[in-house]
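> The structure is given below, and queries will be raised subsequently.
Each value in this text was obtained by applying a stated rule to the coordinates, not by laboratory testing. Small disclaimer: the values here were computed from a predicted structure and weren't measured.
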Amino acid sequence: MVPRNKTGGRNRDRRNRQGTTRYREFFVARTYSITELATEFALTPRTIRFYEDRGLIKPRRQGQTRIYRAGDRLRLMMILRGKRLGFSLDEILELLDLYKLPDRGLEQTSRTLARVRDRIENLEYQRRDIDAALSELTDVAAQLQDQLAQMSDPSASRAAQ
């Protein structure tokens, strides 16, 4: 049996409400300056302003001061993750804008999955190209090493003739 508090409600309900309130106070009401975000993510303020100019993040303003909310911070984290994974800023913006759709994330998740699969395919293709280039470069290096050894040892080059 779940213990009840003095008002007859469940203690668990009270704890959940308090936890939700604390969550909102910390994450939703929390704001950040451009300097705080730049420091946290090892970026320059100019980079953050660039993302703002591209429409990736939209901070509130108080006069000339930018005020970033928790949602802006989350978008910045997602932008950086997208860049790390090799997505262009236009692709990242498209995926971020899908969060605004009222389909509980279905469209956003579906499109993101398709983009991720395309990115995997491209990276695998690039890996094959890199492997082929490394193999060829290794062969060239071995040939050059042999050539250098022959040039360093004149008796070896006469014996080879």
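> Through the Karplus equation 6.51 cos²θ - 1.76 cosθ + 1.60, θ set to phi - 60°, convert the phi angles of the stretch 121-129 into ³J(HN,Hα) values in whole Hz; use x for Gly and Pro.
Along the stretch 121-129, the couplings run 4, 5, 5, 5, 5, 4, 4, 4, 5 Hz.
> Continuing with this model, one more query. So who's got an amide H within less than 5 Å of the one on Ile67, skipping anything under 5 residues away but keeping other chains? H placed 1.01 Å off N, in plane.
It is Arg60, Arg61, Gln62, by chain and number.
> Name the residues whose placed amide hydrogens come within less than 5 Å of the amide hydrogen of Thr31, ignoring near sequence neighbours (fewer than 5 apart) on the same chain.
Answer set, sorted by chain and number: none.
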